[in-house]
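See below for the structure under consideration.
The values are calculated or read from the model by the stated rules, or taken from the named source; none is laboratory data. Computed from a predicted structure; not experimentally measured. Cβ sites come from the backbone with ideal geometry, for glycine too, and all protein chains shown count toward neighbours. Each accessible area value is taken on the protein alone, full model and side chains, heavy atoms only, with ligands, DNA and RNA left out. Shrake-Rupley method; radii C 1.70, N 1.55, O 1.52, S 1.80 Å.
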Amino acid sequence: LYTGARAAEVAQMRWDGVDYRGQMIRWWRPKTSEVHEVPLHPTLAEHLARFGGDRPEGFIFGGDRGRPHVQPGTVWEWVRRIGEMAGVDVSPHQLRATAISTVLEGTSDLDAAAEFAGHRDPTVTRAHYTQTSRRRLKSAVDSLTYG
């Protein structure tokens, strides 16, 4: 949620991509074959520091059965199970969409939201990941004045 990353990206995140000093996190994006970087949210930094100790190596979520990292399907299953325990139906894609929508709503900056999402074209962000919240819609209606 704090990175807006896809499940496949989360599965392949590495400890050497976490920069506590520069307060950034970067990871390889299989979809575009590029490295993506976003500011490291303080809550995420706190949890990573607690579980990461002194600069561990390798993948944040190590795999089993000889695999170097977990598979995207495992990330999907983790999110589904946690959602189930919380009484909600949720997926990694819904978390990504929520993160991107929240960035856009909080900043009203489509370019920043697109950069956060890793979209080269902000129209992709607008078309696929933004939703108008009830609060924003009410604010729009309240802005209507006559007279």
So Gly118 fits all but one of (1) touching a His at 6+ places or on another chain (Cβ under 7 Å); (2) without any contact (Cβ under 8 Å) to a residue 24 or more places away in the chain; what number is the exception?
(2)
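Within segment 89-102, track down each residue that is polar (S, T, N, Q) and open to solvent by 80 Å² or more (accessible area, probe 1.4 Å). So that I can check it myself, show each step before the final result.
Going through segment 89-102, the residues polar (S, T, N, Q) turn out to be 91, 94, 98, 101-102.
Across segment 89-102, the qualifying residues are Gln94, Thr102.
Answer with yes or no whether Val75 is part of a loop (DSSP other than H, G, I, E, B), under 13 Å from Glu9 (Cβ atoms) and open to solvent by less than 50 Å² (accessible area, probe 1.4 Å). So that I can check it myself, show each step before the final result.
Details: part of a loop (DSSP other than H, G, I, E, B): no; under 13 Å from Glu9 (Cβ atoms): yes; open to solvent by less than 50 Å² (accessible area, probe 1.4 Å): yes.
When the stated conditions are applied, Val75 does not pass them.
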Residue that is nearest to Leu1 (Cα to Cα) [pool: residues in segment 22-68 that are assigned to a helix (DSSP H, G or I), touching a residue at least 24 places away in the same chain (Cβ under 8 Å) and not hydrophobic (A, V, I, L, M, F, W, C)]
Thr43
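Yes/no per residue for (1) open to solvent by 40 Å² or more (accessible area, probe 1.4 Å); (2) of a type in the set (Asp, Glu); (3) part of a helix (DSSP H, G or I):
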residue: Leu104; (1), (2), (3): no, no, yes
residue: Asp111; (1), (2), (3): yes, yes, yes
residue: Ala114; (1), (2), (3): no, no, yes
residue: Arg120; (1), (2), (3): yes, no, no
residue: Arg126; (1), (2), (3): yes, no, yes
residue: Thr132; (1), (2), (3): yes, no, no
residue: Leu137; (1), (2), (3): yes, no, yes
residue: Thr145; (1), (2), (3): yes, no, no
Open to solvent by less than 30 Å² (accessible area, probe 1.4 Å) and small (Gly, Ala, Ser) - does that describe any residue in segment 81-88?
yes
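Hey, among Phe59, Phe51, which residue is on the phi < 0 side of the Ramachandran plot and surrounded by fewer than 17 Cβ atoms within 10 Å (Cβ to Cβ)?
On the way: Phe59 fails: surrounded by fewer than 17 Cβ atoms within 10 Å (Cβ to Cβ).
Answer to the selection: Phe51.
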Taking into account only those residues within segment 7-39 that are closer than 17 Å to Phe116 by Cβ, at pLDDT below 95 and among the basic types (Lys, Arg), which is surrounded by the fewest Cβ atoms within 10 Å (Cβ to Cβ)?
Lys31
